[in-house]
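Right, one structure below, let's go through it.
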Amino acid sequence: MTGPAPTFRGLAPTGLLAGVVAAIGTTAVAATASAADVSLEVDGAAIPLAAFALWTIVGAVLGIVLARVLGDARRFVLVTASITAVSLVPAIALPDDTATRLVLVGTHVLAALVVIPALARRLAASGGDVLGPEV
């Protein structure tokens, strides 16, 4: 059963909180990798640690917008999982070394695993399609 999509006001606190948690996690992973001498370079330019937090928050905000536009949990999960998969292409193709590739893929997946379920639960709780075993 699909009800009316929640408002931005209803989605924003959940999405932003999930985004902050994910940003802390992705930045911690990047800082740990950097401390372990992973270069975190793309085309010879180092990725600043703050960029991990910034782009994670940007992703969470995009998630909030998509949740509002798509309106139900099942569709939201399918679309955002697909977008996450596509976002892995540059993370795999562009870094200078394998360790950096692994860190970038890991941080993408970490952020997705925090933000997507939080917003999907919010959508389901607001009357959006309830997630079932077929998702």
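Key figures
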read-out: Cα pair distances in the range 16-125, grouped into 10 Å bins until the bin that holds the longest one, percent each; value: 16, 46, 27, 10, 1
read-out: Where labels lie 7 Å past Cα in the beta-carbon direction, separation of Asp37 and Ile24 in nm; value: 3.1
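All of the numbers you see were taken from the coordinates with simple rules; none came from a lab. Just so you know, these numbers come straight off a predicted model, no measurement behind them. Every residue, glycine among them, receives a Cβ derived from its backbone with ideal geometry; neighbour counts consider all protein chains shown.
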